Amino acid sequence: MSVNSPLNISHWLLAALSTKMFRYYEDRIPQDASVLVVSNHRSFMDAPILMAALSSPIRFACHHYMGQVPIMREIVAGLGCFPLEANQQRQQSFFKQAQLLLKSKQLVGVFPEGTEPMVKFTQPNSVGEFQRGFAHLALRTNVKDLAILPVAIASIEEINTSAVPLKLLNLFDPSEPLFDQPGWHPLVIYNRVAVLIGRPYWITSQHQQLYRGKQAKTVVTELTEHCQGEIANLLCEGSY
């Protein structure tokens, strides 16, 4: 499979679903740099949407169960995603794989809201609390010219239905407490979607020095809040 196959698959999927995508602030996309893409997450379409918007393959970290469920695992593999390990090894696996990819100047994508917005029905313009793993990754990775790029996926028109019972997914990943409850896994299909690119946050040697010292918590919080705030504001702008 060629390096451009995930990008080709993304364009094919959007065409097959007749999704109209509108891209804004593309001049903010860093050039000739290692880029960690950070975005909100409500749909299985989010990864291909971001690849099409940035015109580049992106290696996404995805939940462990996505690499276990038949059909879904073939889709995520085709898109170049790397499923994380079970809970005990999840963070270590994420750091190890993402660092190698960033050092080779491949774009890496993360969805800091975690699994919850994927398994619960949420509003298009809402964004959940960000987990801080991506900030720790960015600050401890010794990569020159690393940019964190927040991107908002703002659904304008969508089909919102159900896919499979959550308890069925518990068979593939019993370690995930969200699957041990009644209800159905939502299925969100975008008919019209806006992708708004935020202001990149560049990691400097000063950030890395602060991270290694007593200001570690402060610099992690600053980076996390920048991305979450940027995406929340762009969602309000794009959800018209």
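The values are calculated or read from the model by the stated rules, or taken from the named source; none is laboratory data. Owing to the predicted nature of the structure, the values given are computational and were not obtained by experimental measurement. Accessible surface is based on the protein model in full, side chains and every heavy atom, while ligands, DNA and RNA are left aside. Shrake-Rupley method; radii C 1.70, N 1.55, O 1.52, S 1.80 Å.
Structural remarks
- Separation of region 32-53 and region 196-217, taken as the distance between their Cα centroids, equals 21 angstrom.
- Accessible-area value, L14, 1.4 Å probe, nucleic acids and ligands omitted, Å²: 20
- Sequence of E113, E26 when ordered by accessible area, the most exposed leading, probe 1.4 angstrom: E26, E113
- Beyond 19 Å in Cα-Cα separation lie the following of the pairs K105/K144; K144/K214; K103/K144; K103/K217: K144/K214; K103/K217.
- Cα-based reach from K120 at 18 Å (exclusive), listing lysines while leaving out same-chain residues under 8 positions away: K167
- Ligands, DNA and RNA excluded, the heavy atoms of R59 present near 70 Å² of accessible surface to a 1.4 Å solvent probe.
- Across region 44-55, coupling constants 3J(HN,Hα) worked out from phi with the 6.51/-1.76/1.60 Karplus curve, θ = phi - 60°, read 5, 7, 4, 4, x, 4, 5, 4, 5, 5, 8, 6 Hz, and Gly and Pro carry x.
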